[in-house]
Amino acid sequence: MMKKLLNQNANYEQELINSFEPNFSFYKNTINRFKSDENNTGNIEDDKTKKLSELKKKINSIENCNLRKNSKNLIFGHGDINSPIMLIGEAPGEKEDETGFAFQGDAGELLKKMLIAINIKIEKIYLTYSINFRIPEDKKPSTQDIKRYSKFLKEHISIINPKILVLMGSTAMETVTGMNNKISDERGKWRELISNNVNIPIIITFSPSYLIRFPENKKYSWEDLKKIKKKIQDLNINI
């Protein structure tokens with residue numbers, strides 16, 4: 001059905017790609033999701049909020065971290081904490097450090113367009129970063145930084161407990177999976193990460209900031225977005 005729709009709109013993909021401008025150890029087991037009792041939704045949300053608050057305090061108490069010392073804000077995460085989709089970027093930039101929120105400026109606008117392309121509003125997902133503080137001159141984080149923040153990120157994933165995890169950029173890929181291969185070789189492939197005794201499907205794709213610098217790769221991101229949309233449909237996820 002999805003394929004038929006795309007065939008009827010042959011020019012739409014190219015138009016969408018052109019519109020992308022600035023203004024997740026793995027297992028192959030069957031996914032096993034557990035449904036929560038609706039009556040416990042409030043308690044689950046309260047528990048999540050408490051755990052997230054405790055995790056934020058842990059990150060903000062890291063010792064001997066130059067990133068924390070030289071940043072204005074800890075960029076923890078925002079969005080719907082009960083969303084089935086968790087999106088992890090690389091690290092905050094200047095705009096994010098100034099505002100205290102993830103995915104601001106041109107990268108944020110591009111991300112909104114990418115999500116809208118598969119009928120998802122950015123407010124309906126949960127956003128965070130692999131590294132919670134800005135890296136000077138927006139350079140790639142060191143191996144030490146990635147290892148240091150990896151344990152916090154995995155705890156973050158465990159608390160949110162999403163049904164789909166989207167890793168945007170090589171730092172997100174390395175922090176979650178441990179892989180440091182070229183992202184161009186790893187993007188667009190579904191893998192699984194086990195968390196809370198549940199297999200979470202994860203997909204690696206390019207970050208919005210990378211796409212702004214290298215717009216010729218937007219066509220690959222569009223292919224990744226279509227795979228995400230199909231996975232949402234296959235898992236009967238409402239978002």
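Of the conditions (1) buried (at least 22 other Cβ atoms within 10 Å of the Cβ); (2) under 18 Å from ASN82 (Cα atoms); (3) out of contact with any helix residue (DSSP H, G or I) (no Cβ under 8 Å at 6 or more places or on another chain); (4) not basic (Lys, Arg), ILE232 fails just one. Which one is it?
ILE232 satisfies every listed condition except (1).
Residue by residue through region 190-206, note down the ones that are crowded, with 18+ Cβ neighbours inside 10 Å and more than 15 Å from the chain's Cα centre (by Cα).
SER195, ASN199
Scan region 57-80 and tell me whether some residue there is in contact with a Leu (Cβ under 8 Å, 6 or more places away or on another chain) and either more than 25 Å from ILE122 (Cα to Cα) or at pLDDT below 50 (or both).
Scanning region 57-80, I find at least one residue that is in contact with a Leu (Cβ under 8 Å, 6 or more places away or on another chain) and either more than 25 Å from ILE122 (Cα to Cα) or at pLDDT below 50 (or both), so the answer is yes.
Answer yes or no: is there a residue in region 130-137 that is within 18 Å of LEU52 (Cα to Cα), modelled with pLDDT of 95 or more, crowded, with 23+ Cβ neighbours inside 10 Å and touching a Gly at 6+ places or on another chain (Cβ under 6 Å).
No; the residues of region 130-137 include none that is within 18 Å of LEU52 (Cα to Cα), modelled with pLDDT of 95 or more, crowded, with 23+ Cβ neighbours inside 10 Å and touching a Gly at 6+ places or on another chain (Cβ under 6 Å).
Can you find a residue that is of a type in the set (Val, Ile, Thr) and within 29 Å of LEU52 (Cα to Cα) anywhere in region 218-228?
Yes.
What's the number of the only condition in (1) under 16 Å from GLY89 (Cα atoms); (2) surrounded by fewer than 22 Cβ atoms within 10 Å (Cβ to Cβ) that SER209 fails to meet?
The number of the failed condition is (2).
Against the condition over 22 Å from ILE200 (Cα atoms) and out of contact with any Gly (no Cβ under 7 Å at 6 or more places or on another chain), how does PRO162 come out, does it pass?
Spelling it out, it is not the case that PRO162 is over 22 Å from ILE200 (Cα atoms) and out of contact with any Gly (no Cβ under 7 Å at 6 or more places or on another chain).
On the basis of being under 16 Å from the mean Cα position of the chain (by Cα), of a type in the set (S, T, N, Q) and crowded, with 19+ Cβ neighbours inside 10 Å, does SER83 make the cut?
So SER83 fits the description; yes.
Quick test for you: out of LEU153, LEU115, LEU111, pick the one residue that is closer than 21 Å to LYS230 by Cα, modelled with pLDDT of 95 or more, crowded, with 17+ Cβ neighbours inside 10 Å and out of contact with any Pro (no Cβ under 7 Å at 6 or more places or on another chain).
None of the other options fit; the residue is LEU115.
The values are calculated or read from the model by the stated rules, or taken from the named source; none is laboratory data. Keep in mind it's a predicted model, so treat the numbers as computed, not measured. Note that each Cβ is placed from the backbone with ideal geometry, even for glycine, and that neighbours are counted across all protein chains shown.
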